[in-house]
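Novice: Questions regarding the structure given below will be posed in turn.
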Amino acid sequence: MSSLLGIDLGTSSVKVVVLALDGSIRGIGSDEYPILIPSPGYAEQDPDQWWSATVSAVREALDRAGHPEIASIGFSGQMHGFVPIGPDSAPVNPAIIWADQRSAGLIPEIESILGPDLKSCGTAPAAGFLISSLFWFQKHQPALFDRAKTLLMPKDYVRLKITGEIGTDASDASATGLFDVRNRLWSNDLIERLNLPRPIFPKINESTDPVGVVTKRAAAELGIKSGIPVSVGSADQPAQAVGNGLINPPLGSVTVGTGGQVFVPLREPILDPKLRLHTFCHAPRQRWYLLGAMLSAGMALRWFRSILGNDRFSYADLDRIANEVEPGSGGLTFLPYIVGERSPIMDPRARGGFVGLTLGHGPAHLARALLEGVTFALRQIIETMEECGAALPKLVASGNGLGSRVWRQMLADIIQRPLFQGQDTHAAERAGVGAAMMGGIGAGIFKDYEEVRKLAPTFDVITAPAEDRAQQYEPAYRRYLDLYPRLKSWF
């Protein structure tokens with residue numbers, strides 16, 4: 001039986017899904033690669049490590065699936081970063097990815113040049129976004145910049161290696177900060193005003209468009225047949241939404257992974273006049289989505305565990321001791337801005353901290369305060385979205401962090417609404433599933449997004465908020481909201 005291949009290029013690893021036509025996962029492969037930090041504040045990756053990891057992950061997934069015939073390939077990928085590509089289709093510099101902060105000092109200059117016209121791009125120019133990183137690259141690495149023939153988003157570099165074709169899709173392009181999200185095309189006026197060369201920006205396709213086939217060279221490396229049709233795919237947030245059936249409002253999602261995200265699909269773009277949120281293009285042509293993204297969610301917990309000693313505390317241990325403390329963490333508040341912050345404060349200079357420490361606090365209080373601080377940040381994003389006119393009545397809980405019963409219940413209590421989950425044992429692979437589905441649409445195996453939506457999980461597992469705990473959290477949430485404005489000038 002034919003199967004579909006979905007390649008999801010994440011920040012720390014690539015995951016490959018072999019998807020049967022009934023929506024079941026037949027095999028999964030993965031491989032990791034590092035984030036390179038050549039200087040403080042930098043975050044780079046080697047595109048060739050992406051490719052070698054993809055080769056390994058594809059072969060593993062096919063082995064686990066029993067080597068079925070592959071009918072199509074689609075892609076999902078980490079957002080905001082870019083790879084400058086030279087005339088020989090090879091990188092002229094490592095990829096600058098979303099976690100990079102080197103461009104933070106240039107944000108005021110970009111905002112001054114572009115002014116209110118930034119609203120057409122649906123986002124402020126955050127550090128780590130292509131608009132800011134590319135502006136920095138032009139200023140500080142002009143010789144390398146001049147060698148670049150084009151730039152590619154991370155997933156599109158892997159697709160180049162497979163097909164030899166250059167391009168991107170509207171969803172990934174819309175996350176650059178240089179894309180007219182309503183009209184789904186590059187914002188030529190803003191590109192010109194930043195003195196960036198228009199020819200380096202790649203052609204735009206829709207996510208299901210077939211844009212090439214597997215070359216003989218790539219086929220030999222990947223262990224598949226040449227000639228398999230390949231579709232463009234999308235950024236990872238739209239891809240996971242497609243995999244979960246989140247095409248139309250009001251069904252949205254809240255995710256706790258390395259970072260944290262709140263995702264709401266839209267039939268028409270909603271633009272935050274204060275640019276605290278991101279309005280991006282969804283994978284389907286006539287859909288958009290509102291995104292609130294915090295930089296450090298699971299990352300903060302991983303950091304805290306490493307401080308305590310990974311050999312002394314497992315994540316289950318941290319769950320257990322946090323659950324022994326009452327809501328409010330004994331007056332202790334955690335600010336999760338350990339790598340700066342995006343939504344809704346949009347401040348790369350913000351810093352994290354525990355505030356309110358006393359001799360009575362121990363590891364359990366700190367663990368609970370950390371979980372609460374991340375969750376308060378997600379509530380602040382949700383309230384900002386509602387202020388802008390978005391409706392969020394039904395939210396799907398996703399990401400490894402919300403696999404924790406303690407954290408999931410805490411989130412339901414703090415945002416004061418139920419969270420929905422499916423009984424899917426591969427919930428963490430939905431971006432790869434969405435990528436495979438888009439490839440299937442592009443190859444004509446599926447008719448459209450409505451057909452693949454029928455293969456999405458049924459969200460019938462509910463975590464309901466507890467009214468008494470919700471009330472206990474209110475004073476702690478108000479303390480959280482009060483802290484950043486007081487500390488902003490100090491940051």
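The values are calculated or read from the model by the stated rules, or taken from the named source; none is laboratory data. Since we're looking at a predicted model, the values are computed, not measured. Positions of Cβ are generated from backbone atoms using ideal geometry, with glycine treated the same way; all protein chains shown enter the neighbour counts.
Novice: Just to verify a result, which residue in segment 400-438, among those that are polar (S, T, N, Q) and part of a helix (DSSP H, G or I), is modelled with the highest pLDDT?
Specialist: Among those residues, the one meeting the criterion is Gln409.
Novice: Those residues that are over 30 Å from Asp100 (Cβ atoms) and touching a Lys or Arg at 6+ places or on another chain (Cβ under 9 Å), I need them from segment 61-81; list them, please.
Specialist: Residues satisfying the conditions are Arg64, Ala65, Gly66, Pro68, Glu69, Ile70.
Novice: So, one more: Might you let me know whether segment 416-433 holds any residue that is surrounded by fewer than 18 Cβ atoms within 10 Å (Cβ to Cβ), more than 30 Å from Phe75 (Cα to Cα) and in contact with a helix residue (DSSP H, G or I) (Cβ under 8 Å, 6 or more places away or on another chain)?
Specialist: Checked segment 416-433: at least one residue is surrounded by fewer than 18 Cβ atoms within 10 Å (Cβ to Cβ), more than 30 Å from Phe75 (Cα to Cα) and in contact with a helix residue (DSSP H, G or I) (Cβ under 8 Å, 6 or more places away or on another chain).
Novice: Next question. Which residue pairs have Cβ atoms closer than 9 Å, lie 6 or more positions apart in sequence or on different chains, and pair a first residue in segment 239-259 that is on the phi > 0 side of the Ramachandran plot with a second residue that is in a loop (DSSP other than H, G, I, E, B)?
Specialist: If the second residue must be in a loop (DSSP other than H, G, I, E, B), the pairs left are Gly245/Lys454; Gly245/Leu455; Gly245/Ala456; Gly245/Pro457; Gly245/Phe459.
Novice: Applying the selection to segment 408-452, what residues are among the β-branched types (Val, Ile, Thr) and either within 16 Å of Gln240 (Cα to Cα) or over 22 Å from the mean Cα position of the chain (by Cα) (or both)?
Specialist: Selection gives Ile414, Thr425, Val433, Ile441, Ile445, Val452.
Novice: In segment 454-469, is there at least one residue being assigned to a helix (DSSP H, G or I) and either touching a Pro at 6+ places or on another chain (Cβ under 6 Å) or among the hydrophobic types (A, V, I, L, M, F, W, C) (or both)? First the steps, then the outcome.
Specialist: Within segment 454-469, the subset assigned to a helix (DSSP H, G or I) is 467-469.
Subsequent filtering for residues that are either touching a Pro at 6+ places or on another chain (Cβ under 6 Å) or among the hydrophobic types (A, V, I, L, M, F, W, C) (or both) retains 469.
Yes, because at least one residue in segment 454-469 is assigned to a helix (DSSP H, G or I) and either touching a Pro at 6+ places or on another chain (Cβ under 6 Å) or among the hydrophobic types (A, V, I, L, M, F, W, C) (or both).
Novice: I've got another one for you. Test each condition in (1) more than 30 Å from Thr123 (Cβ to Cβ); (2) among the hydroxyl-bearing types (Ser, Thr, Tyr); (3) in contact (Cβ under 8 Å) with a residue 24 or more places away in the chain for Thr333 and report the one that comes out false.
Specialist: (1)
Novice: Going through segment 221-246 one residue at a time, which ones are surrounded by fewer than 21 Cβ atoms within 10 Å (Cβ to Cβ) and in a loop (DSSP other than H, G, I, E, B)?
Specialist: Gly223, Ile224, Lys225, Ser226, Gly227
Novice: Moving on. Inspect all residues belonging to segment 116-125 and state whether any of them is assigned to a helix (DSSP H, G or I), loosely packed, with under 15 Cβ neighbours inside 10 Å and modelled with pLDDT under 95.
Specialist: yes
Novice: Then there is this: From the list Ile382, Ile441, Ile445, which residue is at pLDDT 95 or above, closer than 23 Å to Leu481 by Cα and β-branched (Val, Ile, Thr)?
Specialist: Ile382
Novice: Of everything in segment 269-295 that's of a type in the set (Lys, Arg) and farther than 15 Å from Glu383 by Cβ, which residue is surrounded by the most Cβ atoms within 10 Å (Cβ to Cβ)?
Specialist: The qualifying residue surrounded by the most Cβ atoms within 10 Å (Cβ to Cβ) is Arg287.
Novice: Same structure, new question: For segment 162-187, give me each residue that is in contact with a Lys or Arg (Cβ under 6 Å, 6 or more places away or on another chain) and either in a helix (DSSP H, G or I) or among the aromatic types (Phe, Trp, Tyr) (or both).
Specialist: Ala170, the sole residue that qualifies.
Novice: Okay, moving on. For segment 467-481, what are the residues that are over 17 Å from Val355 (Cα atoms) and among the basic types (Lys, Arg)?
Specialist: Arg469, the sole residue that qualifies.
Novice: If you don't mind, there's one more thing I want to ask. Return the residue satisfying two criteria in turn: it lies in segment 210-220 and is small (Gly, Ala, Ser) and out of contact with any helix residue (DSSP H, G or I) (no Cβ under 8 Å at 6 or more places or on another chain), and of such residues it is surrounded by the most Cβ atoms within 10 Å (Cβ to Cβ).
Specialist: Taking the candidates together, the pick is Ala219.
Novice: Shifting gears a bit: Being of a type outside the set (A, V, I, L, M, F, W, C) and within 14 Å of Phe304 (Cα to Cα) is the filter; apply it to segment 320-366 and report the residue that is surrounded by the most Cβ atoms within 10 Å (Cβ to Cβ).
Specialist: Of segment 320-366, the ones of a type outside the set (A, V, I, L, M, F, W, C) are 320, 323-324, 326-331, 333, 336-337, 340-344, 347-349, 351-353, 356, 358, 360-363, 365.
Still in the list and also within 14 Å of Phe304 (Cα to Cα): 336-337, 352-353, 362-363, 365.
Details: Pro336: 29, Tyr337: 25, Gly352: 17, Gly353: 17, Gly362: 11, Pro363: 16, His365: 25.
Top of the filtered list is Pro336.
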